[in-house]
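Reviewing the structure listed below.
The values are calculated or read from the model by the stated rules, or taken from the named source; none is laboratory data. Just so it is clear, the model here is predicted, and its values are computed rather than measured. A quick note on method: Cβ atoms are made from the backbone with ideal geometry, for glycine too, and the neighbour counts reach across all protein chains shown. Note: accessible area is taken over every heavy atom of the protein model, side chains too, but ligands, DNA and RNA are not part of it. Shrake-Rupley method; radii C 1.70, N 1.55, O 1.52, S 1.80 Å.
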Amino acid sequence: RYEPVWSSLDSRPLPAWFDEAKFGVFIHWGVFSVPSFGSEWFWWYWQKERREPYVKFMEANYPPGFSYEDFGPLFTAEFFDPNQWADILKASGAKYVVLTSKHHEGFTLWGSKYSWNWNAVDVGPKRDLVAELSASLKNRTDLHFGLYHSLFEWFNPLFLEDATSAFKTRKFPTSKSLPELYEIVTKYQPEIIWSDGDGNAPDTYWNSTGFLAWLYNDSPVRDTVVTNDRWGVGSICTHGGFYTCSDRYNPGHLLPHKWENCMTIDKRSWGYRRDAQLDDYLTIKDLVKQLVETVSCGGNLLMNVGPTHDGRITVIFEERLRQMGAWLKVNGEAIYRTKPWRVQNDTVTPQVWYTFSPEEGNVNAIFLNWPVSGTLELGEPQAKLGETQVKLIGYKELLKWVALGEKGITIALPQLTPQQLPSQWGWTLQLTHVN
């Protein structure tokens, strides 16, 4: 049994499925999807920081005295079809999904009895969105289902009161945050609890270690659940399950601890923005690069989409998800269930990233630019004459190669038209019997 102290909790081995999965989809959805302007931090930027674009937007488009709470009934989700979402998510090649059950605005996407009249069952859709998506994913896919949950809430009076006392009182976590966490785990049995938003309070205020001890020892998901590292000031990149360290974290080198790169297709926001320009969205080439770099350095990629207030995953997000799925259909064996190799990217040709498939003993060299010369030089693999074989995944014949002295290999790529290439945006060489 795990004790409610970090030394004990941190000793828990991460369930194997998470490292094998490599790729997940994050979904930021909530009342902020109604104004869908600027950022999911809309309420804070408008009311607390009073940033000019937000103030002007409200003055120009809403009557005087319109409050953030008035957006609640406008969060309607009339086009939300959980089966359609499940099919898109499955087509992306992701192995897990993390849905925002509650962001910093405090609005819960399930009918929480601790969030009276500020949840999706009482207000807006009048539906339990968490239950619906969870059921569709279970029925139609083999994806692992996870929930994001914000510890703090910007404007909750109980939280503000505790903050005023420098967190000497604990009214908010005991009456709101912790009961919600126990509620979602018991009710939906998520396999990821993605915690966020410490509100500058320590983990002792949140009783994070107490909750995690229950989660690991006695909860219905104790054997499969994974958690992140956002459990109070000072815990990020130090305590918990996998490390996130910061948003859009991509160190570019191997880390000794399992980590995740959570990032957004829309470079500027996690929630949906009606004011997004085409340039604000990462291209599929950018996204494949992120995935390959992340996985070769031992991380998982959690790629975010923001649905609309009426429940649509917009076509540009859907296209990116399906493109990633198409790429993974060909190159997935170099991603899923792999381990980092002895080097992460090549010394001679830096846009080549390596992974290792332990079951087959193959080294995978993923290259993101097809060389004009038709040959690819790799500085790291040590080839063995008569033993080493080189294969382009998705292409039938073995490739010719020559060794470059002690270390390194030059590979002759097949001459293919763009239509004949096994995939777009990146390709995998499978090397067998290399040192």
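Cα-Cα over 23 Å: which of Lys329/Lys396; Lys48/Lys113; Lys22/Lys285; Lys22/Lys384; Lys56/Lys126? Let's see the in-between values first.
Values: Lys329/Lys396 16 Å; Lys48/Lys113 27 Å; Lys22/Lys285 18 Å; Lys22/Lys384 31 Å; Lys56/Lys126 31 Å.
The answer is Lys48/Lys113; Lys22/Lys384; Lys56/Lys126.
With respect to the chain, whose longest principal axis is taken over its alpha-carbon atoms, helix 284-296 is tilted by about 80°. Each label point was placed 7 Å from the Cα along the Cα-to-Cβ direction; for Glu52 and Glu359 their separation is 5.8 nm. With 0.36 nm allotted per residue and the present C-alpha distance subtracted, the Ser175-Arg337 stretch has 54.2 nm of extension available.
Of the three principal axes defined by the Cα atoms of the stretch 152-308, the extents in descending order read 48, 38, 29 Å.
On the protein heavy atoms, probe 1.4 angstrom, tell me the percent of accessible surface of the stretch 324-428 carried by carbon and sulfur. It would help to have the intermediate numbers written out before the result.
Details: 2810 of 5390 Å².
Its accessible area is 52 percent carbon and sulfur atoms.
With contributions of -39500 (n - 2.57) from each DSSP H run of at least four residues, the per-residue ellipticity at 222 nm computed over the chain stands at -7000 deg cm²/dmol. The Cβ shell under 13 Å around Thr349 holds other residues with a net charge of -3, Lys and Arg each +1, Asp and Glu each -1.
Can you work out the base-10 log of I(q)/I(0) for the stretch 6-334 at q = 0.14 1/Å, using the Debye formula on its C-alpha atoms alone? Values, matching the q order: -1.16.
How much area per residue is accessible in the chain when the probe is 1.4 Å and only protein heavy atoms are counted (Å²)?
Using a 1.4 Å probe on heavy atoms only, each residue of the chain averages 41 Å².
Projecting the Cα atoms of Ala135, Tyr336, Trp116 onto the dipole axis of the chain, where Lys and Arg carry +1 and Asp and Glu carry -1 at the beta carbon, places Tyr336 farthest toward the positive end.
Once the Cα atoms are used to define both axes, helix 52-61 deviates from the longest principal axis of the chain by about 60 degrees. Under the convention that each Lys and Arg Cβ holds +1 and each Asp and Glu Cβ holds -1, the size of the dipole of the stretch 339-432 around its Cα centre is about 60 debye. Roughly how many debye, to the nearest 20, is the charge dipole of the chain about its Cα centre, given +1 on each Lys and Arg Cβ, -1 on each Asp and Glu Cβ, and no other charges? It works out to roughly 460 debye.
Charging the Cβ of each Asp and Glu at -1 and of each Lys and Arg at +1, and nothing else, the dipole of the stretch 202-344 about its Cα centre rounds to 360 debye. Compared with the dominant Cα axis of the chain, that is its longest principal axis, helix 82-91 is turned about 20°.
Under the classification rounded if a/c is under 1.5, otherwise prolate if a/b is larger than b/c and oblate if not, where does the stretch 339-432 fall, given a ≥ b ≥ c as square roots of the Cα gyration tensor eigenvalues? Because its axes are fairly even, with a/c under 1.5, the stretch 339-432 counts as rounded.
If you wrap the stretch 162-237 in the convex hull of its Cα atoms and look at it from every side, the mean projected area works out to 4.8 nm².
Provide the packing ranking of 197-207, 268-278, i.e. peptides ordered by the mean count of other C-beta atoms within 10 Å per residue, highest first. Please report the intermediate quantities before stating the final value.
Values: 197-207: 19.5, 268-278: 17.6.
Going by the mean number of other Cβ atoms within 10 Å, highest first, we get 197-207, 268-278.
Provide the net charge surrounding Phe155, with neighbours chosen by a C-beta distance below 9 Å and charges set as Lys +1, Arg +1, Asp -1, Glu -1. List each step's numbers first, then the result.
Numbers: positive: Lys48; negative: Glu105, Glu153.
Charge balance in the 9 Å sphere: -1.
Take the Cα of Thr76, step 7 Å toward its Cβ, do the same at Asn61, and the gap between the two points is 1.5 nm.
Rounded, prolate or oblate: pick one for the stretch 55-197, where a ≥ b ≥ c are the square roots of the eigenvalues of its C-alpha gyration tensor, a/c under 1.5 means rounded, and failing that, prolate if a/b is larger than b/c, else oblate. Walk me through the numbers before you get to the answer.
Numbers: a/c = 2.17, a/b = 1.29, b/c = 1.68.
Oblate.
Note on Lys168: aspartates and glutamates with a C-alpha under 17 Å away, same-chain residues under 8 apart excluded, are Asp198, Asp203.
For the chain, averaging the sequence separation of C-alpha pairs within contact (under 8 Å, six or more residues apart) and dividing by the residue count gives a relative contact order of 17 percent.
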